[in-house]
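Down below is the structure, laid out as structure tokens.
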Amino acid sequence: MRTLKALSALLTYPSEGLITALPEIAAAVEADKLIGRADRAGLLALVAHLKEGDLFDRQEAFGLLFDRTRSLSLHLFEHVHGESRDRGQAMVDLIKVYEDGGFTPTTEELPDFLPLFLEFASTRAPQEAIDLIAQPAHVISALAERLAKRKSPYQAIFRTLLVLAKAKPDKAALAALLAEPDPEPDDLEALDAAWEEEEVTFGPGATANCGKDGLASKLRQATRLAPGMDAPVPTPRTTIHHSGSRP
């Protein structure tokens with residue numbers, strides 16, 4: 001699905017490459033008949049927002065929004081597992097899914113990074129892609145609501161993902177997520193509390209439901225890519241580096 005590639009690119013850290021790709025991204029959005037008029041307008045408004053102003057300002061705003069605030073983390077498993085041991089096993093399971101799909105990321109981001117996850121989904125057949133992005137629907141919905149509260153143009157990406165997924169988020173899971181702290185990026189004390197390291201649980205039951213068969217349920221409870229618009233060609237094997245740092 002070409003639109004998923006476009007959404008993945010829009011969620012990456014603003015760069016000269018992304019700015020150069022914006023006309024192509026806008027064309028992909030305008031060509032997708034599955035996106036309603038309001039959602040298309042929201043995405044095009046985000047494209048216009050990224051085109052305007054100083055690139056450094058866009059980068060700073062992106063970092064404050066998605067890197068500094070845990071409640072807006074673009075790492076899917078952050079919203080469920082935090083820093084617990086379960087998250088590590090969930091990462092391993094997701095890497096296996098990428099490998100089985102012949103997907104070779106060209107990034108060193110962690111596998112649960114949402115733009116990377118969308119990049120993988122964009123290489124799948126349409127129904128498989130829809131099924132994939134529907135799994136973390138309540139996480140996507142919570143992010144959409146938090147971004148809407150901040151009047152961020154990035155909310156359009158998450159609204160569009162929910163439309164494309166054709167999925168209604170689990171109400172209880174969504175409510176639980178929205179009940180968690182959601183501090184503003186300039187509230188340093190609240191940010192410190194939100195990022196306080198969680199206890200890592202060991203022993204019996206510590207890795208329950210973390211096998212490959214539980215991947216879908218983990219996503220329901222719960223990937224940076226160069227912003228070119230052409231889907232990568234699948235290869236037989238995948239090598240993924242475990243590093244979530246941004247240059």
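Where a number appears in this text, it was derived from the coordinates with a stated rule and is not lab data. Every value quoted in this text rests on a predicted model; they were computed, and no experiment measured them. Methodologically, a virtual Cβ is constructed for each residue, glycine included, from the backbone with ideal geometry; neighbour enumeration extends over all protein chains shown.
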Charge dipole (debye, nearest 20) of the range 18-122; +1 at Cβ of Lys and Arg, -1 at Cβ of Asp and Glu: 320
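In the range 109-164, what trypsin sites (Lys or Arg not before Pro) fall in a loop by DSSP, with at most 12 other Cβ atoms inside 10 Å?
When the trypsin sites (Lys or Arg not before Pro) of the range 109-164 are filtered for loop state and at most 12 Cβ neighbours within 10 Å, LYS151 remain.
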Using a basic spin-label model with each label point 7 Å from the Cα along Cα→Cβ, how many nm lie between ALA176 and ASP131? 2.4
Mind grabbing the base-10 log of I(q)/I(0) for the range 12-66 at q = 0.14, 0.17 Å⁻¹? Debye formula, identical points on the C-alpha positions, no solvent, two decimal places. -0.40, -0.57
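DSSP loop trypsin sites (Lys or Arg not before Pro) in the range 3-83 with at most 11 other Cβ atoms within 10 Å of their Cβ, which ones?
When the trypsin sites (Lys or Arg not before Pro) of the range 3-83 are filtered for loop state and at most 11 Cβ neighbours within 10 Å, LYS33 remain.
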Roughly how many debye, to the nearest 20, is the charge dipole of the range 36-191 about its Cα centre, given +1 on each Lys and Arg Cβ, -1 on each Asp and Glu Cβ, and no other charges? 780
Of LYS5/LYS33; LYS96/LYS168; LYS96/LYS149; LYS5/LYS96, those spanning more than 24 Å from alpha-carbon to alpha-carbon: LYS96/LYS168; LYS96/LYS149
With a cap of 16 neighbouring Cβ atoms within 10 Å, and only residues DSSP puts in a loop, list the GluC sites (Glu not before Pro) found in the range 24-70. GLU52
